[in-house]
Structure formats: C-alpha cells, structure tokens
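Accompanying notes for the structure given below.
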Amino acid sequence: MLSAKDGRLLFEASANSYTAFHNGAIQLGDGRYNPRTGKRLGEASFSLASTICTPRYFVNDIFVDNRGGKFQVGGESVTYRGVRGGCLFASVPAFGQFFTPQNWCRCAPGQIQGFVAFGPITREPTPAEMERAPAVTVGPAFGNLAGKLGAEEWPTYRHDAQRSSRASCAAPARLDTLWKTSVCKGVPSGPIGADWRERLTSPLTAPTVAAGLVVVAATERHEVVALDALSGNERWRFTAGARVDTPPTLHDGGCFFGANDGYVYALSSHDGRLAWRTRAAPLEERMVSYGKVESPWPVTGAVLVSQGLLFASAGRSGVSDGGIVIHALEPATGRAVWSKSVVKPRLNDILLEVGDSIQWMSTRLDPRTGAFRSDEAAPEATPRIGLEGLACGNWLRLGSRKHAPMAFGNVSADLLSWSEQAVCAAAAEGTLKAIRRDRVSPGSEKPDPADELWNTNLPTAYQATSMVLCPDALVVGGGLHAEGQAGSGGFVRVLSLEDGEPLAERKLPAPVSYNGLALAGGRLYATLTDGTTLGLGTQAEK
C-alpha cells in the first residue's frame, strides 16, 4: 500500500488471491487489513480467486439469499461459467453483485460478451421448466399462411438450412443500381458517432428474399421490414418486442423470426399481420442488455425451417440461467412438437441442418424427437460454425475472427461458402480461394494447394464481409477501410468461378453488412451499414 500524498510505502502483504475493499478493510487472501496502517484485523470474510480458464469465486457473506439463490453462504464455492474475469483483474464485487469487464478467451467459450453484472437471482429455471411446451397466442392472420417458394429464391439466412451461402441462379452480368431504399438511419460518421455506438454490428441485418419480397430487420428499432423486390418500395413493417439480430425466414407464406424478448413470431408475408407468437423463453423475466430491456433468454432471429418443422433456440449462454432451450414448432400453428435444453459452454447462435440432424454449435439433435446425437465427426465433409458463430459480426470490426474460424470439412476461414462444385474461403487479410468440392475431406489435414481452382487477393484496404457462391461465379461484398478511416465505403465484386478473374465491380457508399448479400432471380440484394438496402443487376436497356 502506497501513500497517495508522497508515494511512501505504508505496508505490504501478499497472498495468492485478488485484492478487494469491503466494509472499510482490505481483503487479501485469508486476512483483513486496516487500509491506513496495514494492521491485520482478523480473518477475511471472503476471498476472490480465479482458475486459468474459468472464474471461481469463494463467497462467504457478500451474497446472502435465503430463497435458495445461485450464490450460497457458509463458505461454499460456486463456479459460474457465464462470464470470465479479466486476466489479472478478475471481477469486482460491489453493490451486492459482481462486475466483470469485457474480454474474449477461447478457454471460456460460454462467457457472455460485453461488460457484465451478475449475482444472486431467485432461482434458475428447472430442466422441466426449460423444456415446457410454450403456449401460443394467435393473431389476425392465424390459419391464413399459404404460398410456395420459387426455385431461385433466398428464403433464409445464408440461403438454405445448411447456411451454405450459395445461390442456384447465375450472377448478374452488371451491377447497375436498380433501386435504393433507406430502411433506417445508420450511425453518424466520425469519431463521435463511433463512440456512441452501443454495439458493433450493422443497424440492418442481412436480407432474405422470397415471394417478391426483400425482408430485413432493423435491429435497434425492433422492426422487421418488407420491401418490394422489383421496386424497393416498402410493403409493410412490423415492430417486435425487442431486438431482432438476424433476418427472418420466409416459408410457405409466412415470415418467421425470433426476438430478444424471448418470443418467436410468425407473420403473414403478404401483409405483415401477426399469425401467431409463442414464448420460447422458459420464464417471463427481464434484464438490461446494451441499453434495452430484454429477456435473459433471447431468441436468435434467423430461425431454422427444415423437414417441415421450425426450430428456434432461446438463451444467451449454455452455462447461464439454465442454459439454452431448443424448440421444434409447427410453422402453421406454432404448436410445440418437442423442446430440449442444452447445457454446454457455448453462446447461443444460428441453428443449421447437417446431414439428417439439426445442429446448435457442436451439438446435434434428431429433428423429429430432439434426442441428442453423437458429436463424432461425420464421414463426409460438413460445416462447423466455430466459437464465434454465424450470428454476430463483431469480429469484422476487430479485423478477423479471433478464435476457431468457421470450417467446412478441412477448409477453414473467416468466411465460407460451399456448393456441389466448390468451397470458397475468404480470410480477413484479403485472400480469396476456391477449392474443388470433391477434394474437400472431413479430415484435419489442410487441402493440397493443387486442389485449388484458384487463389487470389482482394485489393489493399478491401475487407470481405459477405460471399455468395453461384454456379458460374463468386460474389464478394464488404468494406473499404483506408488507413485511419474505418468504414470509408463498400464494394461488391463478381469473380469468375473458373479462374478468379474479376467480371464486374461496384463501389458502394458504405460497407456491406455481415452476410449482407442475397442473390435471387438473377438480382443481387445488399444491406449496408448505413441502413440502406440495394437492388443490383443489369439495368434494362431503354
């Protein structure tokens, strides 16, 4: 302890623990000390320690919860893996709870992102409550969802249930602006606007395209917005109860999505009226998240429709508040077919279809029963999400994925797209490559460079944020980041799938949102980080 007046050493003590100030005394190791004299006042009432990978807090008398809360009294140690204390800093006990700074460590993949306050709650939901069939509230469009998808549409996040980000139609020969619509306001430019951002993600999600509509979510406005695919004119707008982090799924006349209020919504894609709503969260509780009132169990917006069922996941982390719950619902009615809770150290993310299973992060389930399936490697090459998932594009602001990039078989990269012909990969430093699909294996050895169709680099200052793989081309979109000027513009570039040579390019006023490209009916649709949605293609000759 040093004097604040002249830096003179007042006293010193050491222990294998973190230091805290509590009830007028310094708590260190097993002792309490007078902060002015260093005199030992007796035994410490608590101590704080941390393992390398996850925090362990020994709590005696800070949290007293006679209702059976998470933190107990009497010296019992409690491990909570929903957060990880910062290295050499740990977490700070104050005001009856803990505070921990944001950090990201591969050792603790279940930690909730951001600055987190955590502490005692009345109770966690039981496994039975997590898996309880949710009740359905019906709206004016209930029973009136009808329609079929076309062959060249983009009905869900990254195109299909496998999240392959491939298109069945050819890329447009030119990238003329067919229409431009401002859906919501972006973040003001300059350092002040950057400082005021609560989150690093785009104000607009990626688009989905079907039934003549382009549908996006304005995340911070809690809105789902449908635009006419030919003109860009707004067709309808729906306000949900909280943020919608990824775009809706369009299926058989319905527009389906989850929101951070813990609910799954089904709208009529024709006019945006509510068909049904069901609470996927186990309890009707609320917390504050990034300045908004939300459920502790938010639902990822991009729900999965596969094999005639709708699958949605609710929760923030598999090791917090009872874990993650996955529901299988009937799309037409919202009726629950099964529900399954998952307790694993992973953050909630996009569900996808892998073989004959549905997959949440690395966990695979039977789509008909919800029974867990083996995590063993498949005999064929399959997608793996990676620790940072498919939903959150914060890593783009940091330059690259920090840990465990996404993978398809033995190909891994920051961004991937795949089809029956090729697997295309984009690295943060601007490298693009296309690898023959028949040379991609489920093993761990990296592909032989001889198996590449081509390998090229984007120009300096280009950062890929989205890719679409077509039968004849690879479409890449992203941001232009001149030195010292983050987010100074955007681009879309079309490359030949045969040799990687550029076929067309268009500069944009702002970067393309994460996974913000969709290709349907020969037209390219893009959402930008300034809140704009574009329709691009070959302008008809007048």
| remark: Scanning segment 238-293 for residues that are touching an Asp or Glu at 6+ places or on another chain (Cβ under 9 Å), buried (at least 21 other Cβ atoms within 10 Å of the Cβ) and among the β-branched types (Val, Ile, Thr) gives 244
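Residues checked against (1) farther than 23 Å from residue 249 by Cα; (2) in contact (Cβ under 8 Å) with a residue 60 or more places away in the chain:
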{"site": "502", "(1), (2)": "yes, no"}
{"site": "505", "(1), (2)": "yes, yes"}
{"site": "508", "(1), (2)": "yes, no"}
{"site": "514", "(1), (2)": "no, yes"}
{"site": "519", "(1), (2)": "no, yes"}
{"site": "524", "(1), (2)": "no, yes"}
{"site": "528", "(1), (2)": "no, yes"}
{"site": "532", "(1), (2)": "no, yes"}
{"site": "539", "(1), (2)": "yes, yes"}
| Has segment 500-520 got any residue that is more than 20 Å from residue 207 (Cα to Cα) and either aromatic (Phe, Trp, Tyr) or not in a strand (DSSP E or B) (or both)? | yes
| Subset tally (residues that are in a strand (DSSP E or B), under 14 Å from residue 215 (Cα atoms) and over 18 Å from the mean Cα position of the chain (by Cα)) for segment 521-539 | 7
| What strands (runs of 3 or more DSSP E) lie completely within segment 1-40 and have 2 or more residues being closer than 20 Å to residue 96 by Cα? | 20-22, 25-28
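Kindly evaluate residue 412 against the criterion of being assigned to a strand (DSSP E or B), hydroxyl-bearing (Ser, Thr, Tyr) and under 18 Å from residue 106 (Cβ atoms).
On the way: assigned to a strand (DSSP E or B): yes; hydroxyl-bearing (Ser, Thr, Tyr): yes; under 18 Å from residue 106 (Cβ atoms): yes.
Yes, satisfied.
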| request: Show the residue pairs that are 6+ apart or on different chains and have beta-carbon atoms under 7 Å apart, the first residue being within segment 280-296 and in a loop (DSSP other than H, G, I, E, B), the second being of a type in the set (Ser, Thr, Tyr) and crowded, with 20+ Cβ neighbours inside 10 Å. | output: 280/263; 281/295; 285/295; 286/295
| note | Cβ pairs under 7 Å, 6+ apart or interchain, first in segment 422-435 and touching a residue at least 60 places away in the same chain (Cβ under 8 Å), second of a type in the set (Val, Ile, Thr) and assigned to a strand (DSSP E or B), ordered by first then second residue, are 422/435; 432/456; 432/476
| query | Where residues in segment 115-131 are of a type outside the set (A, V, I, L, M) and modelled with pLDDT of 85 or more, which of them is nearest to residue 402 (Cα to Cα)? | reply | 115
| Can you find a residue in segment 70-86 that is among the hydroxyl-bearing types (Ser, Thr, Tyr), more than 19 Å from the chain's Cα centre (by Cα), outside any loop (DSSP other than H, G, I, E, B) and modelled with pLDDT under 75? | yes
| task | Could you tell me whether residue 529 is buried (at least 22 other Cβ atoms within 10 Å of the Cβ), modelled with pLDDT under 95 and not acidic (Asp, Glu)? | result | yes
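So, restricting to strands (runs of 3 or more DSSP E) that lie completely within segment 303-397, which ones have at least 1 residues that are over 14 Å from the mean Cα position of the chain (by Cα) and within 30 Å of residue 464 (Cα to Cα)?
Working: elements: 304-306, 309-314, 324-329, 336-342, 351-354, 357-360, 363-365.
Per the criteria, 304-306, 309-314, 351-354, 357-360, 363-365.
One line per residue, one yes/no per condition, for (1) buried (at least 19 other Cβ atoms within 10 Å of the Cβ); (2) of a type in the set (A, V, I, L, M):
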site	(1), (2)
122	no, no
129	no, no
132	no, no
135	no, yes
146	no, yes
150	no, no
153	yes, no
161	yes, yes
165	yes, no
| task | Please list, ordered by first then second residue, the pairs with beta carbon atoms under 6 Å, 6 or more apart or interchain, first in segment 344-364 and touching a residue at least 40 places away in the same chain (Cβ under 8 Å), second among the aromatic types (Phe, Trp, Tyr). | result | 351/311; 351/360; 358/311
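Among the listed residues 13, 20, which satisfies the condition of being in contact (Cβ under 8 Å) with a residue 24 or more places away in the chain, among the aliphatic types (A, V, I, L, M) and buried (at least 16 other Cβ atoms within 10 Å of the Cβ)?
Numbers: 13 fails: buried (at least 16 other Cβ atoms within 10 Å of the Cβ).
Result: 20 is the single residue among 13, 20 that is in contact (Cβ under 8 Å) with a residue 24 or more places away in the chain, among the aliphatic types (A, V, I, L, M) and buried (at least 16 other Cβ atoms within 10 Å of the Cβ).
Please find, within segment 452-473, the residue that is surrounded by the most Cβ atoms within 10 Å (Cβ to Cβ) out of those that are without any contact (Cβ under 8 Å) to a residue 60 or more places away in the chain and in a strand (DSSP E or B). Write out each step before concluding.
Taking segment 452-473 as the starting set, the residues that turn out to be without any contact (Cβ under 8 Å) to a residue 60 or more places away in the chain are 452-462, 464.
Applying the additional criterion that residues be in a strand (DSSP E or B) yields 452-457, 462, 464.
Details: 452: 16, 453: 20, 454: 18, 455: 13, 456: 14, 457: 13, 462: 17, 464: 24.
For segment 452-473, the residue satisfying everything is 464.
What number of residues within segment 429-451 satisfy the criterion of being in contact with a Phe, Trp or Tyr (Cβ under 8 Å, 6 or more places away or on another chain) and in a loop (DSSP other than H, G, I, E, B)? Full working, then the answer.
Step one: of segment 429-451, the residues in contact with a Phe, Trp or Tyr (Cβ under 8 Å, 6 or more places away or on another chain) are 430, 433-434, 437, 440.
Subset that is in a loop (DSSP other than H, G, I, E, B): 430, 440.
Qualifying residue count for the region: 2.
The values are calculated or read from the model by the stated rules, or taken from the named source; none is laboratory data. Owing to the predicted nature of the structure, the values given are computational and were not obtained by experimental measurement. Note that each Cβ is placed from the backbone with ideal geometry, even for glycine, and that neighbours are counted across all protein chains shown.
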